[in-house]
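Have a look at the structure below before the remarks.
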Amino acid sequence: MTNRRIDEAGISARYGVKPKDTVVWTTLVNFPAKGEDGLWDVALVDAWVQAMRPQYWPPRQEAPAAGAATSPRRQKKAAVAPPSVTESRSEMAKRFDMTFNAVDAWTKAPERRDTSGKVVAAAFPPPVSEGQWDAKAVDEWVRVHRPRVWTAYTGGEPQFAKPLPAGDPKDLLNITEYGVIRGNAISGKPASRRTMQSYLLREQIAAPDRRPGDRKRPEVFEPMWYRETIYQEIRRRLTRGKLSAGEKSAGD
């Protein structure tokens, strides 16, 4: 049996996804690693798509797609076994970029009901064997109950309380405007100027792109931020994309 190889163009053709989506897939931490030849093992990619993107399974064609290649190396049978569809807590933590303790807390999350008895939060799926959980069931629970973690993992757009307003990425906005946009996106209510100044002192928001006297044009008379800087900070805040390990609490 030959070891089939595939490049990004081949992945796009094989599973019917756009090239930009293929780029997102291949940058995810749990996507199979490239080989030394710069290509991916088709069997490993197939297994990943089955487990992580079942909506694109089966592939459009069984033969190697455009961009696929056959490697003369590793002619023996069972070259590489597909990754397992079950995972341990350590594997979950690595996959979602969380601490072990946070994931351990997930696995103990009970079902919660409101006063009428309606289920408002499902319990974490039970293990399928000792210390092993079904990856698809884990994904579904994380997607519903830990949306920020899921968004960071999949590289998707966060869930904004209110959409980010349109505008030029290089628009210059002051701290009051920053607070309105940020507060609306995160909680649905503008944050006050005083609150934003407190965040800035504690380095909880982005540093200003422009300051008075910086000798740049146009001249500014108070700290200012580019719209793109503000939006990047909000997205990181809503996806946990840049939080340190110490901030990855069990509840997130």
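Within region 155-170, identify whether any single residue is buried (at least 18 other Cβ atoms within 10 Å of the Cβ) and either over 26 Å from Ala109 (Cβ atoms) or at pLDDT 90 or above (or both), and answer yes or no.
Within region 155-170, the subset buried (at least 18 other Cβ atoms within 10 Å of the Cβ) is 158.
Within this subset, residues satisfying the condition of being either over 26 Å from Ala109 (Cβ atoms) or at pLDDT 90 or above (or both) are none.
No, every residue in region 155-170 fails to be buried (at least 18 other Cβ atoms within 10 Å of the Cβ) and either over 26 Å from Ala109 (Cβ atoms) or at pLDDT 90 or above (or both).
Collect the residues in region 1-19 that are open to solvent by 20 Å² or more (accessible area, probe 1.4 Å), in a helix (DSSP H, G or I) and in contact with a helix residue (DSSP H, G or I) (Cβ under 9 Å, 6 or more places away or on another chain), keeping them in residue-number order. Walk me through how you get there before you give the answer.
Looking only at region 1-19, we keep the residues that are open to solvent by 20 Å² or more (accessible area, probe 1.4 Å), and these are 1-2, 4-5, 7-9, 13, 16, 18-19.
After this cut, where a residue has to be in a helix (DSSP H, G or I) as well, the list is 8-9, 13, 19.
Hits for region 1-19 are Glu8, Ala9, Pro19.
Note down all Cβ pairs under 6 Å where the first residue falls in region 116-135 and is without any contact (Cβ under 8 Å) to a residue 40 or more places away in the chain, the second is part of a helix (DSSP H, G or I), and they're at least six residues apart or on different chains.
Note: pairs meeting the criteria are Phe124/Trp106; Phe124/Thr107; Phe124/Trp141; Pro125/Ala137; Pro125/Trp141.
Here are some conditions: (1) surrounded by fewer than 16 Cβ atoms within 10 Å (Cβ to Cβ); (2) touching a helix residue (DSSP H, G or I) at 6+ places or on another chain (Cβ under 9 Å). Met196 meets all but one. Which one does it not meet?
Every condition holds for Met196 apart from (1).
Which is in contact with a helix residue (DSSP H, G or I) (Cβ under 7 Å, 6 or more places away or on another chain), open to solvent by 60 Å² or more (accessible area, probe 1.4 Å) and modelled with pLDDT of 75 or more, of Phe100, Phe124?
Numbers: Phe124 fails: open to solvent by 60 Å² or more (accessible area, probe 1.4 Å).
Checking each option against the conditions leaves just Phe100.
Would you call Asp139 open to solvent by 40 Å² or more (accessible area, probe 1.4 Å) and either touching a residue at least 40 places away in the same chain (Cβ under 8 Å) or farther than 18 Å from Leu238 by Cα (or both)? Even if it seems obvious, please write down each step before you answer.
Numbers: open to solvent by 40 Å² or more (accessible area, probe 1.4 Å): no; either touching a residue at least 40 places away in the same chain (Cβ under 8 Å) or farther than 18 Å from Leu238 by Cα (or both): yes.
Considered against the rule, which asks whether it is open to solvent by 40 Å² or more (accessible area, probe 1.4 Å) and either touching a residue at least 40 places away in the same chain (Cβ under 8 Å) or farther than 18 Å from Leu238 by Cα (or both), Asp139 comes out as no.
If the Cβ limit is 8 Å and pairs must be 6+ apart or interchain, which residue in region 220-237 that is touching a residue at least 60 places away in the same chain (Cβ under 8 Å) pairs with which residue that is open to solvent by less than 30 Å² (accessible area, probe 1.4 Å) and part of a loop (DSSP other than H, G, I, E, B)?
Pairs found: Ile234/Pro158; Arg235/Pro158.
Anything in region 76-97 that is open to solvent by 50 Å² or more (accessible area, probe 1.4 Å), of a type in the set (Gly, Ala, Ser) and modelled with pLDDT under 90? List them, or say none.
Passing the criteria: Ala78, Ala81, Ser84.
Does region 103-121 hold any residues that are surrounded by 15 or more Cβ atoms within 10 Å (Cβ to Cβ) and more than 17 Å from the chain's Cα centre (by Cα), and which are they? Working first, answer last.
Quick first cut of region 103-121, residues surrounded by 15 or more Cβ atoms within 10 Å (Cβ to Cβ) only: 103-107, 109.
Result: Asp104, Ala105, Trp106, Thr107, Ala109.
With the structure loaded, tell me whether Ala109 is assigned to a loop (DSSP other than H, G, I, E, B) and touching a Gly at 6+ places or on another chain (Cβ under 8 Å) or whether it fails that test.
Values: assigned to a loop (DSSP other than H, G, I, E, B): yes; touching a Gly at 6+ places or on another chain (Cβ under 8 Å): no.
Judged against the criteria, Ala109 is not a match.
Give the residues of region 112-157 that are more than 28 Å from Thr26 (Cβ to Cβ) and small (Gly, Ala, Ser), sorted by residue number. Give the derivation first.
First pass over region 112-157, keeping only residues more than 28 Å from Thr26 (Cβ to Cβ): 112-124, 126-131.
Ser116, Gly117, Ala121, Ala122, Ala123, Ser129, Gly131 - these are the residues of region 112-157 that are more than 28 Å from Thr26 (Cβ to Cβ) and small (Gly, Ala, Ser).
If you take the residues in region 176-228 that are at pLDDT 95 or above, under 24 Å from Ala152 (Cβ atoms) and β-branched (Val, Ile, Thr), which one is farthest from the chain's Cα centre (by Cα)?
That would be Ile181.
The values are calculated or read from the model by the stated rules, or taken from the named source; none is laboratory data. Since this is a predicted model, take the numbers as computed values, not measurements. Here the Cβ is made from the backbone with ideal geometry for all residues, glycine too, and neighbour counts use every protein chain on show. In case anyone asks, the SASA skips ligands and DNA or RNA and just uses the protein heavy atoms, side chains included. Shrake-Rupley method; radii C 1.70, N 1.55, O 1.52, S 1.80 Å.
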